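Please read the structure below before turning to the comments.
Read-outs throughout are calculated quantities, based only on the coordinates presented, and are distinct from any laboratory measurement. All figures in this text were calculated on a predicted structure; none of them were measured in a lab. Cβ placement follows ideal geometry from the backbone for every residue including glycine, while neighbour counts extend to all protein chains displayed.
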Ligand code: AMP
C-alpha cells in the first residue's frame, strides 16, 4: 500500500487544517481528537509518512520509534492521566480494515479522564 499524502493527518502536519496541539517535537505531533470518544481523547502521530504500526516498525528509524513511544508517556503526563497520577489511560492503534482504521497515517489514541471500559465491543 502506498502512503496517501492527502490523508487528514498529513494535512494537519502540513498545517493546512486547524488542530488543537498538545505536544510536538522533532518526530512527533500530538493533538486532540476532533470527535472525542471519552472525557480525554488525544492522538499521537509520527511526523514521518507511515500508514500504520506495521509500516512504521518496518520502515522508521530507531530514533523515530523511540520518540513515538516516549511521546505517548509524555502526552499522558501533560494531560494528567499517566499512571503517575494513579489514574491511567488506554493507548491503542487500529491497523487496516479489520482493525477499523479510518485515517491511513499511524496514530495512537489515548483515552482517559474516566474509566474506559470494555476493551473490544
Ligand atoms: P481511526 O479510526 O483509528 O483511524 O481513528 C481516526 C480518528 O481521527 C477518529 O477518532 C477521528 O475522530 C479522528 N479525526 C478525524 N479527523 C480529525 C481531525 N481533523 N482532527 C482531529 N482528529 C480527527
GNM of the chain, Cα pairs under 10 angstrom: of 25, 35, 94, the biggest fluctuation goes to 35
Rounded to whole angstrom, the alpha-carbon centroid of region 93-109 lies from that of region 1-79 at a distance of 12
Comparing 46, 104, 18 in a Gaussian network model of the chain (Cα, 10 Å), the one with the largest mean-square fluctuation is 18
Ranked by GNM mean-square fluctuation in the chain (Cα springs under 10 Å), the top entry among 91, 60, 36 is 36
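Per residue of the chain, what 222 nm ellipticity follows from adding -39500 (n - 2.57) for every DSSP H run with n ≥ 4, rounded to the nearest 500?
-7500 deg cm²/dmol
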Rounded to the nearest 10, the angle in degrees between the Cα long axis of helix 62-78 and the longest principal axis of the Cα atoms of the chain comes to 30
Yeah, region 8-112 with a ≥ b ≥ c from its alpha-carbon gyration tensor (a/c under 1.5 is rounded, else prolate when a/b outruns b/c, oblate otherwise) is rounded
Quick note on 66, 120, ordering by fewest other C-beta atoms within 10 Å, gives 120, 66
Along principal axes, largest first, the alpha-carbon spread of region 1-58 in whole Å comes out as 33, 23, 22
